[in-house]
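What follows is one structure encoded as structure tokens, with my remarks underneath.
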Amino acid sequence: FSEGLRVEYKSTFDGSVRNHLSKAISSFANSQGGVLIVGINRVNGVPTPPFEGFSLPAREELPLTIENICLPTIHPPVLPRTQVVQSDTPNQVFLVVEVDESSEAPHAIENSTRVYVRTGNAGNPYNLAEVDLIIDLIKRRHEPFERRNRLLAVANQRSYQCVRHELPFLEISLCPTFPRAPLCSPLEVWEFMSGPQIVRANILDRNSLRRIPGGSASLTYGDPARRHIAAQYVELVNHGFLFAAWQFVMVPWADHDQSESLRFSDLSQTLLSLTVLAERFYSGRGYRGNLTLTVSLHHVQRQAMRFVTTNPLFPNDPDDFRCYSEDVVAERQVTVEQIRLRKQEVITEILVELTWAFWQSNAPHPIHRLSESVQRMVGP
């Protein structure tokens, strides 16, 4: 194939190519997607033999290099699929970078001041987008955004089967920021949710699984006679939308104390379990893009929640941990790689934001103790 709208070649991976990489990748994402192959000589856009590749830089992980170039320079980030292919010529390789058309377009570079699109011209493969085209690219985001809202509304409605919304409960959702297309089939969702990894990790009870449109859901109704068992609803659909609604269990504040508090582990452990579930699902489907993580606590006004351990000889008053808002919400934009590599940090940031509304003591918000608690929970 000659160079054009969806194909571009580079002969080497030198500094000049690295400097222009974000322009090429963002222009593919803003247009119809495409592939960049490094290690191919070309004349006027036409690939020219011999096809030998280029010398692999010593001790350099090329996929990681591509990622490190893209994440800070393209806004919103684009994470292409990258593959190193060995050449028939010894010590030579080809670098193949595949970019999908993006539902998050327009992607800008150079401090978010320039938006490039493909022109199909071998001599000038990308050009600055005009205002009208940028407006069309922004409109492209609308449909996936509406789909994410619909998925959330339907999941919330289904959760009423298990979780009583007039009592304190929490919701957690993780979804591709722009869920434009399914990541897999409903059957693959079912097989994932009932798989041995999920069962062994005690994330879901296989016997609680039910089929729903596009995926699967786990329904646990709780046990009124055993108050420590919480009602819970968890669903996953093939667009990559993961949702959990969880009834808070009320626990005694202290021995011989009539006061009750929300069980903090319902929040912290559910958040950890959902991030583990999400990491395994997205990684298994090759999705590495942006995610919207939302955690919300509902019907919690005047409720206490002890989120750090206290000295039993000098226990805190429940009023030090009491919330004065009906709902508390925290939201983050994260990537699958951040969940995998920075799980403790992501969970801590969310919990710090949520517990701020529960901390009423004159002492500083105990962020450090909360972080230590998350570290013990996440483990090495």
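General observations
- Ranked by the mean number of other Cβ atoms within 10 Å of their residues, highest first, the peptides 49-62, 158-171 come out as 158-171, 49-62.
- Under 5 Å, built H, 5+ apart or other chain: amide partners of Ile212: Ala217
- Convex hull projection area averaged over all views, segment 34-93, Cα basis, nm²: 5.2 nm²
- Difference of contour (0.36 nm per residue) and Cα-Cα distance, His368 to Glu130: 80.8 nm
- At full extension, Leu341 and Ser208 could sit 44.8 nm farther apart than now, given 0.36 nm per residue minus the alpha carbon distance.
- If you bin all the Cα-Cα distances of the chain at 10 Å, starting from zero, the percentages per bin are 5, 20, 25, 21, 16, 9, 4, 1, 0.
- Hits among lysines - C-alpha to C-alpha of Lys23 under 24 Å, sequence gap 8 or more where chains match: Lys10, Lys139
- For segment 162-176, 3J(HN,Hα) per residue [Karplus equation, 6.51 cos²θ - 1.76 cosθ + 1.60, θ = phi - 60°, Hz, x = Gly/Pro]: 10, 9, 7, 7, 8, 10, x, 8, 10, 10, 10, 9, 10, 7, x
- Computed from backbone phi with θ = phi - 60° and the Karplus coefficients 6.51, -1.76 and 1.60, the 3J(HN,Hα) list for segment 359-365 is 8, 10, 5, 6, 6, x, 4 Hz; x is used for glycine and proline.
- For segment 21-92 and segment 302-380, distance of Cα centres in Å: 42 Å
- Model label points for Asp317 and Thr89, set 7 angstrom from Cα along the Cα-to-Cβ axis, are 7.8 nm apart.
- Each peptide in 359-366, 202-209 gets a packing score, the mean of other Cβ atoms within 10 Å over its residues, and the list from highest to lowest is 202-209, 359-366.
- Averaged per residue, segment 168-301 has 41 square angstrom of accessible surface, using a 1.4 angstrom probe with ligands and nucleic acids left out.
- Choice from Gln258, Gln247, Gln333 with maximal GNM fluctuation in the chain (Cα, 10 Å cutoff): Gln258
- Peptides 231-239, 63-71 ranked from most to least packed give 231-239, 63-71, packing being the mean of other C-beta atoms within 10 angstrom over each peptide's residues.
- Over the chain, dividing the summed -39,500 (n - 2.57) contributions of all DSSP H runs of at least 4 residues by the number of residues returns a 222 nm mean residue ellipticity of -10000 deg cm²/dmol.
- DSSP bridge analysis restricted to the chain gives an antiparallel fraction near 95%, rounded to the nearest 5.
- Near the amide H of Asn290, within less than 5 Å, lie the amide hydrogens of Thr177, all on another chain or at least 5 residues away, with H placed in the peptide plane.
- Our estimate of slack between Asn121 and Gln258, defined as 0.36 nm per intervening residue step minus the Cα-Cα distance, is 41.7 nm.
- DSSP H segments from the chain that extend 27 Å or more along their own axis, Cα-based, with Kyte-Doolittle mean of -1.0 or above: 264-284
The values are calculated or read from the model by the stated rules, or taken from the named source; none is laboratory data. These numbers come from a predicted model, not from an experiment. Because the Cβ atoms are built from the backbone with ideal geometry, glycine has one as well, and the counts that use them run over all protein chains shown. Calculation scope for accessible area: heavy atoms of the full protein, side chains included, ligands and nucleic acids excluded. Shrake-Rupley method; radii C 1.70, N 1.55, O 1.52, S 1.80 Å.
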